[in-house]
1. What three numbers, in Å, describe the spread of the alpha carbons of the stretch 14-147 along their principal axes, ordered from the longest?
2. First measure r as the distance between the Cβ atoms of SER139 and GLU85, then evaluate 1/(1 + (r/R0)^6) with R0 = 22 Å and state the FRET efficiency to the nearest 0.05.
3. Calculate, in nm to one decimal, what ARG77 and LEU48 gain on full extension: separation in residues at 0.36 nm each, minus their alpha carbon distance.
4. Order by neighbour count: LEU123, LEU76, fewest other Cβ atoms within 10 Å first, most last.
5. Local charge sum around GLU102 (other residues, Cβ-Cβ under 12 Å, Lys/Arg +1, Asp/Glu -1)?
6. Report the label-to-label distance for ASP19 and THR106 in nanometres (one decimal), using points 7 Å from each Cα along the Cα→Cβ vector.
Amino acid sequence: MFPTTMSEPLSTPVLVLSDELWWSVVTHLESCLPNEGVGLLSAVDSPLERRAVRFYPGRNLNESPSRFTMDPIDVLRACEDMDQEGTRLGVIVHSHPTTAPEPSQTDARELAMPGVANLIVQLHPQVCARAWEITAEGSAEMPVRVEVMVSGEGRGV
C-alpha cells in the first residue's frame, strides 16, 4: 500500500503518479538492491498538482546502499527527451533500502533544487514513499497521490 500525506497547506501542489508509473519506479528501485536506486520523473505542472508523466531509470555510479550519484549520461538523455516532449524535470527519485523515506543529511545538502521534488522510497521492511521539496532553508513534505486506473477512468488512492 502506498501511504499518502495530505497535511500540507493547499498551496502546496500534490505530486500525482499513475499506478503504472508508480510500479515502474518500485520495480526499478527493487532491481537495484542492495544499493540505492535512482531515477527521474518528467512532469507537467498546474497550480494544484505536479503530474508525473514518465519515469527515467538511472544507474547509481556509487553502487552503495546509502548514497547515490545518477550517471550523468542517464540524466542528459532524460533531460533531452523531456525537452523534446515539452515536459520538465519534476522529480528526483531514489530509494532508501532499509531506512525511512526522509531526506538524509546528504540528501538535504545535495538535492536542493528549486521546483524539483524528491520522491524517497523505502523498500524494506515494506514499500512506502514520501515526497519532499528540499531547499537551502530546509525540507517540506509534499502530498502524494497515486491514481489507479479502473475501466479507463482515474480513481485516486
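1. In descending order, the Cα extents are 34, 30, 29 Å.
2. 0.15
3. 7.6 nm
4. LEU76, LEU123
5. With Lys, Arg at +1 and Asp, Glu at -1, the neighbours total -1.
6. 3.5 nm
Each reported figure results from applying straightforward, stated rules to the coordinates on display, with no laboratory input. Remember, it's a predicted structure, so these values are computed and weren't measured experimentally. Glycine gets a Cβ as well: all are built from the backbone with ideal geometry, and neighbour counts include every protein chain shown.
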